[in-house]
1. Any of LYS293/LYS336; LYS284/LYS312; LYS284/LYS345; LYS293/LYS322 with alpha carbons more than 28 Å apart? Name them for me.
2. With an 8 Å Cα cut-off and a minimum separation of 6 or more residues, compute the relative contact order for segment 270-374 in percent.
3. How large, in Å, is segment 411-466 by the Kirkwood hydrodynamic radius built from its alpha-carbon pairs?
4. When ranked by the protection proxy of mean other Cβ atoms within 10 Å per residue, highest first, what sequence do the peptides 304-312, 442-450, 103-111, 200-208 form?
5. Once the other residues with Cβ under 10 Å from the Cβ of VAL351 are scored (Lys, Arg +1; Asp, Glu -1), what is the net sum?
6. Residues with amide H under 5 Å of VAL73's amide H, sequence separation 5 or more or different chain, H placed in the peptide plane at 1.01 Å from N; which?
7. Along the charge dipole of segment 411-466, Cβ charges K/R +1 and D/E -1, which of ALA420, GLN430, GLY446 sits furthest on the positive end?
8. Quick one: if you stick a label point 7 Å off each Cα along the C-beta vector at LYS444 and LYS246, how many nm between them?
Amino acid sequence: MLKRTTLGRLLPRRFAVSALTAISVVLSALQPSHSQQKGVPVVRDAEIEALVREYARPILKAAGLSNSGIEIVLVNDQSFNAFVAGRRIFINTGTLLQAETPNEVIGVLAHEAGHIAGGHQQRLRDQMARAQTMAIVASLLGIGATVAGAASNTRGLAQAGTGLALGGTEAARRGLLAYQRTEETTADRSALVYLERTGQSPAGMLTTFKRFQSALALTGSRIDPYRISHPTPRDRIANLEVLARKSPYFDKTDSPALQQRHDMMRAKIAVYTQGQSAAQRLFKQERSSVAAKYGDAQASFLFGNPKAALGKVDALLKDQPKNPYFHELRGDALMKANRPAEAAKAYATAVRLDPSKSGILLMSQGQALLAMGTKESAAQAAAQLRKGLDIDPENAVAYRYLAQAYGQLGEIAQAELATADGYYYSGEYQQAKIMAARAQQKFKRGSPGWVRAQDIINFKTGKKRK
């Protein structure tokens, strides 16, 4: 089940793939980016995360990044967009929904891998520092000329000083944007290399850029190519098409099984982000497809009644009894029907069948066990939630359920520590410190719980989280 949350830490925006957003960007080395001032809205879903990681895995290996701890993060945004920050690749749900084939998404991931492998983030920071210095120097020179003009009552010199300051800032900005456009072109070329190394078609990349070109044409916008951070879609197509068509894999298509999983992902995202009828609109020509039926089942769960959803998901399970995400949806519907014991069994089956070993499914199972309301089920819930958190230790919501389980078991110190961790991973550091201090008083000094509480108490904003 898709879950919306907000990433606790603030992460700088790095790459905007959408022409309609990227074309309008004019960076200033003197201003913090918008996303540095607010949290990034993140979506968690076991099925989607597993599929996107599967798309990324061979690309990261080809880029030499397999052992670099790269994370894929889903962003709750309907625009076609992706960017990197540190060792994380952020990809919008809008990208996954609009991309009609897995190959299109794989092309986006290959481009982002090119940025990370090329060390573009650090070089961009260096370039921004240079641009900032250049702008400051130009501004100081302009102020000096303006002051000199005023002191000598020379109006022309004062006006020239103002022009010098403005011109220097504009030159710095244009220089930075030119540098970024070069990086984008380099990342595009790197993506072609990774796709060929993995035996995949570059056609999806061209499809993406052609989509951007069509969208830009529909807006009627006239773009100054020197005032944008990315090459125009037309330039990107011109730079890539000849090379892409030389690939021996250009005409290779995605397997039917992978395409079906991709379509099911799109159906789920459509229902969750665009409403009850969104999947029907998306697959109006393929209403008998598995993806269309899956979207219908998701819509019944979200907007209809659990009984209808159960009937639809059971029909899906007849054809694919080993699909873990159908069992997950069955558990979701049973939870909505207030049948937690049956839901816990459905989630347990999903956990057993899940090849990606997602912590999210374990947490859903723990939540269902907790809802059963017995001491025995609370102990089982705590065990499953801890297993899930061992896999996915920054899942703030799961700590809150873990705190409830410990509370039902009478383990107050552990409940308060889990609450502190929930606040901590939500970025609510002051509340985390208050709860950690309360918990620490109940732990034996030097015990694991006491030490963890002390880590939270000692945490300083800006320091890397543990």
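1. Exceeds cut-off: LYS284/LYS345.
2. 18
3. With all distinct Cα pairs of segment 411-466 included, I get 10.8 Å.
4. 103-111, 200-208, 304-312, 442-450
5. Taking every other residue near VAL351 into account, the sum is +1.
6. Result for VAL73 returns ILE89, PHE90, ILE91.
7. GLY446
8. In this crude label model, LYS444 to LYS246 measures out at 6.9 nm.
Values quoted throughout were computed directly from the atomic coordinates according to the rules given, and no laboratory measurement underlies them. Every value quoted in this text rests on a predicted model; they were computed, and no experiment measured them. Because the Cβ atoms are built from the backbone with ideal geometry, glycine has one as well, and the counts that use them run over all protein chains shown.
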